Amino acid sequence: MKALTTPCLTVFGLLLVACAANRPSSQLPPPPPPPRVASHYSIQPGDLLGITFAGEPDLTQQTRVDWNGMINVPTLSAEGNAEMHAAGLSPSQLAAKLSSYAVSNKILVKARAQVLVIEYATLAYSVLGQVAQPGRYNFPRGVQPRLPIEEAVALAGGYTRLARQTKVLLKRGTQVYTVDLKKLAAEPGQPPVIIIPGDVITVTERMF
């Protein structure tokens, strides 16, 4: 059998490294940092806003922030099209911006706008593979977007009979982790695995 030359060995070694890099890590993901606490809520793309002006019920409207962070407030323009950037502002900052816009466009002499977030943009995770109801799930409203992985699986209907509980994949960004949920359930001292927005859980299938 002909021996591999040095260039062949180099290529073979690179292939092994590449394959190893794509394998799931057996280490548990590090605990996520707590959600950042801000002094005020910043409007996000996808939020549904309610806009009112004191004493001007005809100017009341609802508008959703698009994925570029823009809103359209047609009641503040004679042309029926008034786009402005809203994402990143607090509701009070946007209200001040709308008030100035209404006055500068001569829609109102004095304007006092109010902005309320009627519906917050959803923060979601996905559960795929051998669960009863695979799909995309939103974190419960009114609580921090953090969830134990066992609870995330339970909300997806729990395992199917083909589920391999000892090999559950958790994709976070570009990193994939392997989680043994059977061990996690049997040994209470194990560190918890916490799901955050954007995580993808895949329950693999048992090998018979």
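Computed quantities for the displayed model
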| item | result |
| --- | --- |
| P(r) of the range 40-190 over all Cα-Cα pairs, binned every 5 Å from zero, in whole percent | 2, 8, 14, 15, 12, 9, 7, 8, 8, 7, 5, 4, 2, 0 |
| Gyration tensor (Cα) of the range 113-208, equivalent ellipsoid semi-axes in angstrom | 28, 14, 12 |
| Amide H contacts of Ile43 (H built 1.01 Å from N, under 5 Å, at least 5 apart or other chain) | Gly88, Leu89, Ser90 |
| Sum of side-chain charges, Arg64 neighbourhood, beta-carbon under 12 Å (Lys, Arg +1; Asp, Glu -1) | -3 |
| Per DSSP, loop trypsin sites (Lys or Arg not before Pro) in the range 73-180 with at most 12 further Cβ within 10 Å | Lys106, Lys110, Arg141, Arg161 |
| Hydrodynamic radius (Kirkwood) for the range 86-165, which is based on Cα pairs only, to one decimal in Å | 16.2 Å |
| Heavy atoms of Glu187 accessible to a 1.4 Å probe, total area in Å² rounded to 10 | 80 Å² |
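The values are calculated or read from the model by the stated rules, or taken from the named source; none is laboratory data. Source: prediction; values computed, not measured. FYI the Cβ positions are ideal-geometry reconstructions off the backbone, even for glycines, and counts take in every protein chain you see. To get the accessible areas, we keep the full protein, side chains included, count just its heavy atoms, and leave off ligands, DNA and RNA. Shrake-Rupley method; radii C 1.70, N 1.55, O 1.52, S 1.80 Å.
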